[in-house]
Every structure is written in structure tokens, then in C-alpha cells.
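Heads up: the structure comes next, in C-alpha cells.
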Amino acid sequence: MAVTRTFSIIKPDATRRNLTGAVTKMLEEAGLRVVASKRIHMSKEQAEGFYAVHKDRPFFGELVEFMMSEPVVVQVLEGEDAVTRNRDIMGATNPADAAAGTIRKELALSIGENTVHGSDSDENAAIEIAFFFKPEEIVG
Ligand code: CMP
């Protein structure tokens, strides 16, 4: 299995509850390495641009408002088959459906306030990483 990269966001519900370290610990224990990380307060343009694929969904406005509501931590994670590994440790989008031991089962509050985002494919990981990071900000 190849070493690849994925993109992760520690969302406002987690930064608000001071869970940045707790989330990162679960990612690291799942075999992922944080090769870039920064805490930012997303602008409306960033939130709308990042989630543009969801712009016609009924929850889009709520999603954008939430992502702008408090700081987030954007990260690049590296590891063997990083996209799948990250999705496995995150758990299902809705914490009610997430498996025991996953980040969302253990820490998320609701389908909206679900603690973490992770890329769903290698192709989207590359797009999402480039949305927030310059190449020189990623140190593997
Ligand atoms: P994420 O992986 O960041 O990708 C899109 C996000 O939209 C998703 O996580 C959820 O936080 C959010 N989302 C998906 N479905 C709903 C919903 N029904 N209501 C509110 N937010 C949702």
C-alpha cells in the first residue's frame, strides 16, 4: 500500500470544546502523520468555496455559517492509504451511525457538528490540500 496524503479539518465544534489535541491523537494513533497544520478562522468565501459541491443542498447555508463560527484546524495527513485510513478513524458522517471508537462516535455532536472533515478520494484530497496549503507549508 502506497504512502499518500489526505486533507482534514478539525471543525468548530471541536476547537470550541478544546479537542484539537484529542482529535489529533486519534488520527496519529490510527497511523496518520500530521505533515501540515494551521489554525484559521474561515472566511465566508473560503467556506463557500470549499463546500461548493454542496451548494444546492438544503443544509448549505447552515454548513457555511457553522464553518465560519469558530476557528478550525486544517491539516494535511500522511500515511499508508491515507484517505481510507482517515475515513475509517473518522467514522460515518452522522455520529449516530458511526462505529464505536471512531472520532465521530466518540466526540461529534450531530451530523452538522461532526468534529472532522476528511477527503473522500485521492483526487479530492489533492484539490482540498491545494485550497488551503502552499507546497512549502507541507513538511513530510
Ligand atoms: P463533511 O465531511 O465536512 O462534508 C459535508 C458536510 O455537510 C458534512 O461533513 C456534514 O457536516 C454536513 N452535513 C451533511 N449532511 C447534513 C445535514 N443533513 N445537515 C447538516 N449538515 C450536514
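A simple charge model with +1 on the Cβ of Lys and Arg, -1 on the Cβ of Asp and Glu and nothing else charged puts the dipole of the chain at about 340 debye relative to its Cα centre. The rule of thumb for compact globular proteins, 2.2 N^0.38 Å, goes into the C-alpha radius of gyration of segment 46-140 1.11 times.
For segment 75-118, what log10 I(q)/I(0) values come out of the Debye formula at q = 0.20, 0.21, 0.34 1/Å, with one point per alpha carbon and no solvent? Per q value, in the given order, log10 I(q)/I(0) is -0.55, -0.60, -1.15.
Averaging sequence separations of C-alpha pairs under 8 Å and six or more residues apart, then dividing by the length of segment 17-140, give the relative contact order as a whole percent. Reported as a whole number, the value is 26 percent.
Over all other residues within a Cβ to Cβ distance under 10 Å of Asp122, the charged ones net out to -2, with Lys and Arg as +1 and Asp and Glu as -1.
Annotation: amide H of Ser37 within the under-5 Å range of Val76, sequence separation 5 or more or interchain, hydrogens built in the peptide plane. Computed per residue of the chain from DSSP H runs no shorter than four, each worth -39500 (n - 2.57), the mean residue ellipticity at 222 nm is -11000 deg cm²/dmol. Using the alpha-carbon positions of segment 1-70, Rg (one decimal) and Dmax (whole number) come out as 14.0, 39 Å. Segment 58-123 and segment 24-55 have Cα centres separated by 9 Å.
Throughout, read-outs are computed from the coordinates displayed, never taken from laboratory work. None of these values were measured; they are calculated from a predicted model. In this analysis, Cβ positions are derived from the backbone assuming ideal geometry, glycine residues included, and neighbour counts consider all displayed protein chains.
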